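What follows is one structure encoded as structure tokens, with my remarks underneath.
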Amino acid sequence: MPSYAVIDTETTGFTNRDRVIEIAVVGLRPDGTIEGAWETLVNPHRDLGPQHIHGIHAADARLAPSFEDIAGDLASILQHRIIVAHNAPFDLRLLGAEYDRLGVSHAVTKNDYICTLHLARRVLPGARQDLASCCALAGIEQHHAHSALGDALTTARLFTVLADHVGGLDALVDTFRIDDSAELWPHLPIRQTPLVRRGAASQTPAAAKKESTDDSPTLGPGDMIVFTGTSGEMSRSTMQQIARQAGLVVHSNVTKKVRVLIAADPETLSGKARKASEYGIPIITEENFLRLIERL
């Protein structure tokens with residue numbers, strides 16, 4: 001009897017150049033009951049993309065292992081399990097790209113996984129692509145959306161509900177013709193890397209340090225500034241317009257002439273932030289930037 005690994009990832013974007021920044025695996029027994037869960041943030045060593053959607057803070061990501069550090073542990077968890085995911089081709093493509101960067105690859109094809117999106121469209125009339133709409137049609141309450149573990153647990157529940165529509169888990173596996181005995185994942189060293197979850201940075205002494213406007217530089221007309229990231233509370237174009245109206249010069253790249261870098265997340269891992277730190281350029285929050293604007 002096969003067992004299952006329900007996976008979900010949070011990423012910096014949607015292309016193969018983007019990075020996995022959080023991954024969760026929920027193990028299911030052959031009868032569909034949960035037998036355990038594994039989750040961690042992943043440090044991509046770059047900006048985190050749409051943080052207002054996935055809600056991951058750079059301060060936490062800084063503490064997280066790189067994908068290389070967890071690659072063997074993850075592969076060992078997934079080996080000899082049927083992979084289940086919502087919009088599985090996306091998660092597997094981004095995971096595949098991570099393994100490709102390490103010079104190894106997995107052999108998972110469309111015959112080796114079950115996609116709850118594909119299944120929902122077969123058994124739930126009117127099902128759309130997003131997990132929330134599929135859950136609504138299936139009568140499932142969704143918790144902690146856009147967190148890898150929250151979405152993996154929700155997908156696991158959706159999977160068992162959808163399986164009941166097609167005669168149960170055994171019938172579902174037969175329908176998809178899946179062989180759970182194949183060696184699909186690379187054999188890499190198992191490091192038992194310590195995992196890092198959301199909120200980890202708040203447990204460190206550095207979390208007590210708060211930025212204030214008193215720590216921020218003064219700004220004046222003609223000063224050059226750069227933005228990085230987007231909070232979702234105010235668009236980048238709106239922030240730039242406010243800056244220009246105050247007489248500031250908005251530049252696209254960090255140079256030694258830049259007065260300040262304004263970041264949606266002051267702990268950002270972006271290339272702009274790394275260069276600003278190298279040049280000794282202050283990095284401030286959008287909130288403090290707007291307060292400085294009021295002083296002009």
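Where a number appears in this text, it was derived from the coordinates with a stated rule and is not lab data. Bear in mind that the values here come from a model prediction, so they are computed numbers and not experimental data. Reconstructed Cβ throughout: ideal geometry from the backbone, glycine too, with neighbour counts over all protein chains shown.
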Query raised in the report: What is the packing order of peptides 122-129, 4-11, 58-65, taking the mean over residues of other C-beta atoms within 10 Å and listing the highest first?
Result: 4-11, 58-65, 122-129
Query raised in the report: What size of dipole, in debye to the nearest 20, comes out for the chain about its Cα centre when the only charges are +1 on Lys and Arg C-beta atoms and -1 on Asp and Glu C-beta atoms?
Result: 1060
Query - Computed helical MRE - 222 nm, the chain, DSSP H runs ≥ 4 contributing -39500 (n - 2.57), nearest 500 - result: -10500 deg cm²/dmol
Report summary line: Expressed in angstrom and rounded, the centroid-to-centroid distance over alpha carbons for the stretch 89-104 and the stretch 138-168 is 24
Query raised in the report: Do you know the relative contact order of the stretch 210-295, to the nearest whole percent, from alpha carbon pairs under 8 angstrom that are 6+ apart?
Result: 36
Query raised in the report: Based on the alpha-carbon gyration tensor of the stretch 210-295 and its eigenvalue square roots a ≥ b ≥ c, which shape applies: rounded if a/c is under 1.5, prolate if not and a/b is larger than b/c, or oblate?
Result: rounded
Report summary line: Given 20 °C, 1.002 mPa s and a Kirkwood radius over Cα pairs, the Stokes-Einstein diffusion coefficient of the chain in µm²/s is 102
Report task. Any chance you could count the Lys pairs in the chain whose alpha carbons are under 24 Å apart, treating pairs 8 or more apart or on different chains as valid? Result -> 8
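Nothing charged except the Cβ atoms of Lys and Arg (+1) and of Asp and Glu (-1): what's the magnitude of the dipole of the stretch 31-107 about its Cα centre? Round to the nearest 20 debye.
That gives a dipole near 220 debye.
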Report task. Note down the relative contact order for the stretch 219-266 as a percent, whole number, built from C-alpha pairs under 8 angstrom at least six residues apart. Result -> 57
Query raised in the report: Build a GNM of the chain with springs between Cα atoms under 10 Å: which of Thr268, Thr15, Thr228 gets the top mean-square fluctuation?
Result: Thr15
Report task. Please name which of Ala58, Phe90, Ala152 has its Cα lying farthest along the dipole of the chain towards the positive end, using unit charges on Cβ (Lys, Arg +1; Asp, Glu -1) and the Cα centre as origin. Result -> Ala58
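Quick check on the chain: of the DSSP beta bridges with both residues there, what percent are antiparallel, nearest 5%?
Percent antiparallel among DSSP bridges in the chain is about 50.
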